[in-house]
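Below is one structure, written out as structure tokens, with a few remarks after it.
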Amino acid sequence: MIEKFINMKSSYKPMAYENLLQNARWEIIKAISKGRSSATELAKTTKSSLPNISQQMKLLEAYDLVEYIKDQRKGQGKPRQLFQLKREFCHLTFARPGFAEKRFFNPDIYHTTLLNILFVPNMQDHSYLHKYLFNDELLLHCAVAYLKSNENEIEVVILTENLNLIRTKYSNTFVEHAGKAKKIIAWSHSLQEINDGLARKEAYFESLMHHQVIHDPKNNFEKIKKKQA
């Protein structure tokens, strides 16, 4: 089976990835998307055997979706072999009258942001977030995460070094869609402010970490999580 997929790699077919990203392999992808994991940890998380994990990882590596690194912990002996996602990828299925297509691609920064918005749980927020976020001031200079929403408001947290500009223009903004306006409340801070507030264990800053990342080209939210760990 592995050889079959590897041979198909050179001539891309959407169905190859559709079959690839299923069952045990999809459970592995979901597990390592949350952080680096060893084969033993993956076997436990996915309730699988080590030989099966090894086989599936070889296949995912062949498709250039995952990679392994050596983790040398201070004061310990042999380094651990950990697996992680190698790149962002998307397998998209779309159908409408007159058109139906599947595509596998590596998303750029704009694709990634749009996809993150589409996976915000409240579907009614998608259009508002798109209209709010898709401008160069926010996309080029900020990281943005979704906090929560209700019928009239959406709350986000913004990491930026341009605090005066962002607080002046984007802290309380009304966005209209389909005849209804929603208020976007943005809690904006520098990376240093967030790290300092978390170091002091302030409840306000800790509450900002219960978020869903929408746009983070420099992985600043991920860096904050690693610093906390």
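Does the stretch 77-87 contain at least one residue that is loosely packed, with under 11 Cβ neighbours inside 10 Å and of a type in the set (D, E, K, R)?
yes
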Those residues of the stretch 208-229 which are in a loop (DSSP other than H, G, I, E, B) and of a type outside the set (S, T, N, Q) amount to Leu208, Met209, His210, His211, Asp216, Pro217, Lys218, Ala229
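Could you grab me the full set of residues in the stretch 32-46 that are among the polar types (S, T, N, Q) and surrounded by 18 or more Cβ atoms within 10 Å (Cβ to Cβ)? Explain how you work it out, then say what you get.
Residues of the stretch 32-46 among the polar types (S, T, N, Q): 33, 37-38, 40, 45-46.
Ser37, Thr46, listed by residue number.
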Cβ-Cβ under 7 Å pairs, at least 6 apart or on other chains, the stretch 18-36 side touching a residue at least 24 places away in the same chain (Cβ under 8 Å), far side of a type in the set (Gly, Ala, Ser) and surrounded by 13 or more Cβ atoms within 10 Å (Cβ to Cβ): Ala24/Ser48
Given the residues Leu115, Leu129, which is the only one that is at pLDDT 95 or above and touching a Cys at 6+ places or on another chain (Cβ under 8 Å)? Leu115
What are the residues in the stretch 37-57 that are closer than 13 Å to Phe83 by Cα and either in contact with a helix residue (DSSP H, G or I) (Cβ under 6 Å, 6 or more places away or on another chain) or not in a helix (DSSP H, G or I) (or both), if any? Ser37, Ser38, Ala39, Leu42, Ala43, Ile53, Gln56
Residue count, the stretch 47-59 (criterion: surrounded by fewer than 14 Cβ atoms within 10 Å (Cβ to Cβ) and within 29 Å of Val213 (Cα to Cα)): 1
Could you count how many residues in the stretch 150-164 are in contact (Cβ under 8 Å) with a residue 12 or more places away in the chain and more than 22 Å from Ile224 (Cβ to Cβ)? 2
The condition from (1) in contact (Cβ under 8 Å) with a residue 24 or more places away in the chain; (2) over 30 Å from Leu140 (Cα atoms); (3) aromatic (Phe, Trp, Tyr) that Tyr68 misses is numbered (1)
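Could you please give the count of residues in the stretch 133-166 that are among the acidic types (Asp, Glu) and either outside any helix (DSSP H, G or I) or in contact with a Pro (Cβ under 7 Å, 6 or more places away or on another chain) (or both)? Walk me through how you get there before you give the answer.
Going through the stretch 133-166, the residues among the acidic types (Asp, Glu) turn out to be 136-137, 151, 153, 155, 161.
Those left that are additionally either outside any helix (DSSP H, G or I) or in contact with a Pro (Cβ under 7 Å, 6 or more places away or on another chain) (or both): 151, 153, 155, 161.
Summing the residues that are among the acidic types (Asp, Glu) and either outside any helix (DSSP H, G or I) or in contact with a Pro (Cβ under 7 Å, 6 or more places away or on another chain) (or both) in the stretch 133-166 gives 4.
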Of all the strands (runs of 3 or more DSSP E) wholly in the stretch 64-125, which have at least 2 residues that are acidic (Asp, Glu)? 66-71
What do you reckon, is Ala39 closer than 19 Å to Leu115 by Cα, among the small types (Gly, Ala, Ser) and modelled with pLDDT of 90 or more? no
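The values are calculated or read from the model by the stated rules, or taken from the named source; none is laboratory data. Note that the coordinates shown come from a computational prediction; the quantities given were computed from them, not determined experimentally. A quick note on method: Cβ atoms are made from the backbone with ideal geometry, for glycine too, and the neighbour counts reach across all protein chains shown.
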